[in-house]
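S.K.: One structure is given below, represented as structure tokens, and several questions about it will come after.
The values are calculated or read from the model by the stated rules, or taken from the named source; none is laboratory data. None of the values given here were measured: they were computed from a predicted structure. Methodologically, a virtual Cβ is constructed for each residue, glycine included, from the backbone with ideal geometry; neighbour enumeration extends over all protein chains shown. Please note that ligands, DNA and RNA were not included when accessible areas were found on the heavy atoms of the full protein model with its side chains. Shrake-Rupley method; radii C 1.70, N 1.55, O 1.52, S 1.80 Å.
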Amino acid sequence: MSLASHLPPIGIGQRLRIWSIIVRTGLSERIAYRGDFALGTLMRFLPIITQIFLWGAIFNAVASDAGAERDDSQRIGGFNFPDMVAYFLLTMIARAFSSMPGLASGIASQVRQGEIKKYLIQPIDLIGFLLLSRISHKLAYYVVATLPFAFVFFLCRGFFVAGFPPPHVFVAFLGSLLMGFLIGFFLEASIGMISFWLLEVNSLLLIFMLFSFFLSGHMFPLTLLPESVASVVNLLPLKYLAYFPAAVFLNKIPEDELATEMLIEAAWLTFFIVACRFMYSRGIRRYSGFGG
Amino acid sequence: MAIIDVQELTKSYRVYRKREGLMEGVRGLFHRDYTEVEAVRGINLRVEAGEFVAFLGPNGAGKTTTLKLLSGVINPTGGTATVMGFVPWQRQNEYRRRFALVMGQKNQLWWDLPAQESYRLHQQIYGVPADRFQKTLDELTDLLEVKDLLGQPVRELSLGERMKMELIAALLHSPEVLFLDEPTIGLDVIAQHNIQRFLRFYQEQRKITILLTSHYMKDVAALCKRVVIVAGGLVQYDGSLAGIIDKFSGKKIVTLQFADGDRPADLDRLGTLLDTHWPKVKIGITRADVPRVLAETLRDYAIEDVSVEDPPLEDVIADLFHQVS
Amino acid sequence: MTEPAEPQRITPLRETLTEPQTELPRVTTGGEWGRYLRVFLTFARNSLIRDMTFRADFIFHCISSIAWTAMNVGFYLIIFRFTSMIGEDTGWGQDEFFLFLATVWFINSLVQAFFMPNANEFSELIRTGGLDFALLKPIDTQFLISFRRIEWSALSNFAVGLLIAGISLHSLATREEAAFYPSPLSLLLYGFFVACGVAIMYSVMICLAATSVWLGRNQSLYDFWFYITNFSRYPMEIYNTPLGRPLLGLFTFVVPVLVVVNVPARILARPLDPRADWELPLAVWACVATFGCVMFSRWLFRHSLKSYRSASS
């Protein structure tokens, strides 16, 4: 008998247990900061209030420019006033899925401080681990955020003039949210992976966040952009982080284009998964080559 | 009149008890448990001008809290204290211009800037006239041999060099009272020695009053004539270093060296056998019994050499801390 | 009998110190102001030295804040493609509104340059116990922690604000309809009320920072700051609807962030005379509110220090 027996290979059951531990730890870690949590979620709706008033004033002026009383017939970029408010509320949901605070900068700091070595030694896959902890953080967030979200949507139900979308559109909406989450994750993780080559990615990240804020549709519906700009922005994957799910829900994507659009989104997702994996393996090779 | 006069000083904190696990965390959203922690339970202390006093005590004994109370950084729960006639936590500018606090575990110099820039800031804050500032800075950098390092960003300095810089920052306004909290923590022996040497010299020359907390007995032995032991938030001992042994240790350590291969087996009847390293044996013997036991031993065995010592101070103090906590 | 613990031999230092110095000279009241000014200038200088050691960061911050401005300008240019005014008959046409935006930029850049890094650092000081050192200094603690750091790069936004204001003023002066130049008095009043606005924002920030003494980690409080001040970024007329009036009242009279930008921007965007009859009282209220906010924040700050517990190690 040898002194050190080999550990048994990790089976599916064992793996599931590891995953559940990662998810549970993430959950309780999040919930521990209770004050931040509840307050933060409600606060997030405050800018929506100003948005509503701002757009209300803009639509008033549009009506008055046309010499008409304000009603729902005035449209800006295909959106009337209730649509516009509904749009901003829906982008809140989309952002709740696709935003990844601290992901890229976290990877960058792990690379910089050499903590990344841990993943080379331990039998854990970095990307898998990050994805699981992110899922648990998001789950914890939804647990606490569902109530305030439901409350706000209930208050604002009047803005959803078209009512609830038909089932297949709603399924597409859910699909776009999930893919939005994954695109957000792999896109930011890829940016984080750049830190294997460039030590200071935080600047890059900030630029990315600025552009993403503007071009994802977080600030305004992308249909408001002048034709020439809009055609370029529509080719970028950023719209899946905010604009696209909201537009799907509000039926702003023509029925016959919906399936194609979803396929294009899936293609972008595949691209970012591959890019992220590829950069990680290249980065690790480069890192161990240095002897870090 | 005593320069530092502390009476029945107390400080307690309310601490939120964090809970383990997910469900407990969820419950914590709605309800919190607090516990009162008494860091200082009633300290009495009088220090005369020009004394160099050491605060000893286990972790969490209340040493640092006491220093912070005396610096006015935190407010007490009860009791009174005056330093140079000021109540510290009123934080009067006249008081704050006349003392300094150095903490070995925290730094106040700007991390990314050369130390001299922080010093200039101190000069402005404390209102030190330019010529006097320059003279003091020259003297201190000379004494601590850091003149060449003034222009280097603090983050590039070694721990020992940083501590010297922190000391200079604290002494630029020539404080009359100096509080030192673990000034040599984490330093190597040489750096510790340098800091001690400087402190001793500076204190002797300037006759300032210093209160020092430290984990290193060497700091204390080298610097302070008076030792105050704090444990459990109370003063347990106040007196000379040597007095600690007289008060808290009833034992002496007798080392016997036996002549040629003699290895008696009944030595534990003399006292507590501490260490056997033939032909040398160390035995702990109650103080009063030492003359009698020694006489018997010399009569009964063939002894080549004898020495009688006090137990090491570290051990006595460790025992004492252990008893209190 | 041997010594208890072997005494450490200390080699005497050759040098001797000069005679113990006498007390520091007292600072006279006139000198007090001078001392605060000198400390402030030293802070400014040290921050600049620090910024210059991280020059790439500095330049990058400037670039990103200019990019952010460009995006905002772009957003409003898009909006003005669809409408001639923000709100019906409010007078906030494109030129006037860009003056408003420039005012937002002035005030924000000043707050970001002088106070934001300090407020951020304050909760860090609480967490790490670094506030100890600030409390030891013979200088007003609020002053010390409010001005410690100056983020020079944030002033790039001030420059961008100047550019926006310049273009809008030029456009206002040369347009065909109702062209006008602001009078020297308007400019003077504008400067004064911008300063009031900065003081109000500073007070709000100090209040939030002070609460971090009680609450510990306070990331969401800073979010809170952004969200509250978010209300100040638009002309107050947009809240003038049945649902908006409670907000209008709240953010004018209780947390007076609405007067921060609106009062100065309104002064500059229109000729001084004629004015609606509620504008003068609003301007007077802005002065009162500034005074009240500063006093309240100072009271709250001092009060919070009493609860400071100083984290050990």
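S.K.: I need the helices of chain C that pass two filters: whole DSSP H segments spanning 20 Å or more by Cα along the axis, and mean Kyte-Doolittle score no lower than 0.0.
M.R.: Once both thresholds are applied, what remains is C:55-82, C:94-114, C:155-174, C:184-215, C:279-305.
S.K.: Starting from 0.36 nm per residue, how many nanometres of slack lie between A:Arg157 and A:Leu236 once their C-alpha separation is accounted for? Before the final figure, lay out each step's value.
M.R.: Details: separation 79, 0.36 × 79 = 28.44 nm, distance 3.13 nm.
Extra length available between A:Arg157 and A:Leu236 comes to 25.3 nm.
S.K.: Just how large is the dipole of region C:219-313 about the Cα centre, in debye to the nearest 20, putting +1 at every Lys and Arg Cβ and -1 at every Asp and Glu Cβ? It would help to have the intermediate numbers written out before the result.
M.R.: Values: 9 positive and 5 negative charges, 88 e Å.
Dipole size: approximately 420 debye.
S.K.: Please report the spacing between the Cα centers of region C:259-306 and region B:116-141 in Å, no decimals.
M.R.: Each part reduced to its Cα centre gives a spacing of 41 Å.
S.K.: Which one of A:Ile107, A:Phe164, A:Ile124 has its Cα pushed farthest toward the positive end of the charge dipole of chain A, where Lys and Arg give +1 and Asp and Glu give -1 at the Cβ?
M.R.: A:Ile124
S.K.: Next up: Does chain B come out rounded, prolate or oblate, given a ≥ b ≥ c as the square roots of the eigenvalues of its C-alpha gyration tensor, rounded meaning a/c under 1.5 and, failing that, prolate meaning a/b above b/c? Walk me through the numbers before you get to the answer.
M.R.: Values: a/c = 2.11, a/b = 1.56, b/c = 1.35.
Prolate, because a/c is 1.5 or more and a/b exceeds b/c.
S.K.: Under the rule of -39500 (n - 2.57) per DSSP H run of 4 or more residues, summed and divided by the residues of the protein assembly as shown, what mean residue ellipticity at 222 nm is obtained, to the nearest 500 deg cm²/dmol? Spell out each step's value before the answer.
M.R.: Details: 35 runs with 529 residues, N = 930.
Mean residue ellipticity, 222 nm, calculated: -18500 deg cm²/dmol.
S.K.: When only alpha-carbon atoms count, how far does region A:3-285 stretch along each of its three principal axes, as whole angstroms with the largest first?
M.R.: Reported extents, whole Å, longest axis first: 89, 39, 35.
S.K.: Still on this structure, please answer the following. So for C:Phe296, A:Phe244, what's the accessible-area order with a 1.4 Å probe, most first? Working shown, then result.
M.R.: Numbers: C:Phe296 110, A:Phe244 0 Å².
The ranking, largest first, comes out as C:Phe296, A:Phe244.
S.K.: About the Cα centre of the protein assembly as shown, how large is the charge dipole given +1 on each Lys and Arg Cβ and -1 on each Asp and Glu Cβ? Please answer in debye to the nearest 20.
M.R.: On the way: 85 positive and 85 negative charges, 133 e Å.
Its charge dipole is roughly 640 debye.
S.K.: Right, something else. What does the charge count around C:Ala56 come to, taking other residues whose C-beta lies under 15 Å from its C-beta (Lys +1, Arg +1, Asp -1, Glu -1)? It would help to have the intermediate numbers written out before the result.
M.R.: Values: positive: C:Arg50, C:Arg55; negative: A:Glu200, B:Asp112, C:Asp51, C:Asp57.
Summing Lys and Arg as +1 and Asp and Glu as -1 gives -2.
S.K.: Helix B:189-206 versus the longest principal axis of chain B: what is the Cα-based angle in degrees, 0 to 90, to the nearest 10?
M.R.: Relative to chain B, helix B:189-206 is tipped by roughly 70 degrees.
S.K.: Projecting each Cα onto the charge dipole of chain B (Lys/Arg +1, Asp/Glu -1 at the beta carbon, about the Cα centre), which of B:Gly79, B:Leu67, B:Ser240 comes out farthest on the positive side?
M.R.: B:Gly79
S.K.: Also, quick follow-up: Roughly what angle does helix B:159-171 make with the longest principal axis of chain B, taking Cα atoms, 0 to 90 degrees, to the nearest 10?
M.R.: 60 degrees
S.K.: For chain A, return all DSSP H helices satisfying: extent of Cα atoms along own axis at least 15 Å; mean Kyte-Doolittle hydropathy at least 1.0.
M.R.: Values: long enough: A:12-32 (30 Å, 0.34); A:46-65 (29 Å, 1.29); A:81-98 (25 Å, 1.19); A:126-155 (42 Å, 1.64); A:167-193 (38 Å, 1.71); A:202-215 (19 Å, 2.25); A:255-290 (53 Å, 0.31).
Helices meeting the criterion: A:46-65, A:81-98, A:126-155, A:167-193, A:202-215.
S.K.: Can you compute the charge dipole magnitude of region A:3-285 about its Cα centre, using +1 on each Lys and Arg Cβ and -1 on each Asp and Glu Cβ, nothing else charged? Give it in debye, rounded to the nearest 20. If you can, show how the numbers build up before the last one.
M.R.: Numbers: 20 positive and 17 negative charges, 283 e Å.
Dipole magnitude for region A:3-285 comes out near 1360 debye.
S.K.: Which of the three applies to the protein assembly as shown, rounded, prolate or oblate, going by the alpha-carbon gyration tensor with a ≥ b ≥ c and a/c under 1.5 meaning rounded?
M.R.: Values: a/c = 2.61, a/b = 1.67, b/c = 1.57.
Judged from the Cα gyration tensor, the protein assembly as shown comes out prolate (a/c at least 1.5, a/b above b/c).
S.K.: In whole angstrom, how far apart do the alpha carbon centroids of region A:68-103 and region B:290-321 sit?
M.R.: Cα centres, region A:68-103 to region B:290-321: 87 Å.
S.K.: Further question: Under a Cβ-Cβ cut-off of 13 Å, what is the net charge of the residues other than A:Ala162 that fall near it, where Lys and Arg count +1 and Asp and Glu count -1? List each step's numbers first, then the result.
M.R.: Working: positive: A:Arg157, A:Lys252; negative: A:Asp72, A:Asp83.
Here the charged neighbours net out to 0.
S.K.: Of the peptides A:197-208, A:92-103, how do they stack up when ordered by the mean number of other Cβ atoms within 10 Å, highest first?
M.R.: In descending order of packing, they fall as A:92-103, A:197-208.
S.K.: Taking chain B as a Gaussian network, where each spring joins two C-alpha atoms under 10 Å apart, which residue of B:Pro264, B:Pro58, B:Pro153 fluctuates the most?
M.R.: B:Pro264
S.K.: Please give the length that would be gained between B:Tyr301 and B:Tyr34 if that part of the chain were fully extended, namely 0.36 nm times their separation in residues minus their C-alpha to C-alpha distance (nm, one decimal). Please report the intermediate quantities before stating the final value.
M.R.: On the way: separation 267, 0.36 × 267 = 96.12 nm, distance 6.36 nm.
My answer for the length gained is 89.8 nm.
S.K.: Moving to a separate point now. What whole-number distance in Å separates the alpha-carbon centres of region C:177-219 and region A:126-177?
M.R.: Between the Cα centre of region C:177-219 and that of region A:126-177, the gap is 37 Å.
S.K.: Projected onto the charge dipole of region C:40-192 (+1 at Lys/Arg Cβ, -1 at Asp/Glu Cβ, origin at the Cα centre), which of C:Thr90, C:Leu172, C:Pro184 gives the Cα projection farthest towards the positive end?
M.R.: C:Pro184
S.K.: Going by the alpha-carbon gyration tensor, a ≥ b ≥ c the square roots of its eigenvalues, is region A:129-253 rounded (a/c under 1.5) or, if a/c is not under 1.5, prolate (a/b greater than b/c) versus oblate? Mind showing how you got there, number by number?
M.R.: Working: a/c = 2.12, a/b = 1.30, b/c = 1.63.
Cα axes put region A:129-253 in the oblate bin.
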